[in-house]
Structures are given as C-alpha cells and as structure tokens.
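In what follows, a structure is listed as structure tokens, so that the remarks can point back to it.
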Amino acid sequence: MLILSRKRDEKIIIDGKIEVTIVEVKGDQVKLGIVAPQSVKIYRHEVFRSIEKENTDAQHTLATDLPTLELR
C-alpha cells in the first residue's frame, strides 16, 4: 500500500488518467474529488463488496431456487 500525505486542494494522479483532489478535511472525514474516464468504475469500498457478494450469491443460485413464472 502506498501512503501519501496531502493537504486541501492538493492532488494525486493515478496512471496518468485519474486525478484525485483533496476537497475538504473536517475532523476525521476527508472529501475527495475524482476525475476519471467514464470507462473507470468508482465505488465506495462497502458498496463494491456488496456488489461482489450479490454477484457471488447469484452465481450459486440454482434454477430450482427461482420462482416459477406462469405464462399467460
């Protein structure tokens, strides 16, 4: 893990394509501004883990676990 110290309005650049700016520091909370290509998906860690879990759960769902659809 790379650990950097930055102050408000200072930036870091990742892979020449992603710019992260320290927007605000208040107590133990830091607000970040991120500029990245639209093709780059950006998630908060807890949201990303939730998506991963849902995807894993869906992979292990059997057809017999799904409700039967009635065609009209």
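Computed from the coordinates by the stated procedures, all read-outs in this text should not be read as laboratory data. On a predicted model such as this, the values are computed, not experimentally measured, just so you know. Using ideal geometry, Cβ is built from the backbone for each residue, glycine included, and neighbour counts are taken over all protein chains shown.
Considering only PRO37, VAL23, PHE48, and ranking their Cα positions along the charge dipole of region 11-61 that arises from unit charges at the beta-carbon of Lys, Arg, Asp and Glu, the one farthest toward the positive end is VAL23. Once the C-beta distance of ALA36 and GLU70 is scaled by a Förster radius of 35 Å, the resulting FRET efficiency is 0.20 to the nearest 0.05.
Only sites in a loop by DSSP and with at most 12 other Cβ atoms within 10 Å count here; which GluC sites (Glu not before Pro) in region 1-71 make the cut?
Taking region 1-71 and a limit of 12 other Cβ atoms within 10 Å, the loop GluC sites (Glu not before Pro) found are GLU10, GLU70.
Helix 45-59 against the longest principal axis of the chain: what's the angle in degrees, Cα atoms only, rounded to the nearest 10? Helix 45-59 sits at roughly 20 degrees to that axis. Each of GLU54 and LYS26 was given a label point 7 Å from its Cα along the Cα-to-Cβ line. The distance between the two points is 2.9 nm. Short to long, the 5 Å bins of the Cα pair-distance histogram for the chain hold 3, 11, 14, 16, 15, 10, 8, 6, 6, 6, 4, 2, 0 percent of all pairs. Number of Lys-Lys pairs in the chain with C-alpha atoms under 15 Å apart and a separation of 8 or more places or on different chains: 4. As a rough footprinting exposure proxy, the listed residues ARG8, ARG44 were ranked by other beta carbons within 10 Å of their own, and the order from fewest upward is ARG44, ARG8.
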